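Report on the following structure.
Laboratory data are not the source of any read-out in this text; all were calculated from the coordinates shown. None of the values given here were measured: they were computed from a predicted structure. No Cβ is skipped: glycine too gets one built from the backbone with ideal geometry, and neighbour counts run over all protein chains shown.
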Amino acid sequence: MSARICLAVILTSLLLSGAAQAQVQFQPPQTSFRSLFKVPDPRGEFVRLCAPHMVGRWAHPESVCGCLHDYAAATVEDADLREALLRGISETGVPTIETAWVPASKQSQIGPTFTKIAKPTLQCMFEPATNQ
């Protein structure tokens, strides 16, 4: 009887030691801090929000939205005005800036901003091949 118990103990310890070695050899995949918290690409997020408004008006809504992001909005140097413009395009599908989206000190720059983006906006909407 004691021989059976000893044999059972030996077999159990061999099985457990093999499982323990397998656990020690396992290494989880290396992940970076950035991959743990996926930060959306700002351009991709803009196109995702903008494109549904462009469907039906343009043959390739994603390319129109991408062009507006890369060319029209890129001409606006002021970060607040650019952010407001991108928000307006992504929410409505047309270049627009609500005065509430811009600090009061910069609201007088809204008109000149539209003048500045007029040509690249028209090119994005009607001549997208020249900007891409």
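Taking a ≥ b ≥ c as the square roots of the eigenvalues of the alpha-carbon gyration tensor, region 46-109 is classed prolate because a/c is 1.5 or more and a/b outweighs b/c.
Each Lys or Arg adds one and each Asp or Glu subtracts one; over the other residues with Cβ under 15 Å from the Cβ of Leu49, this totals -2.
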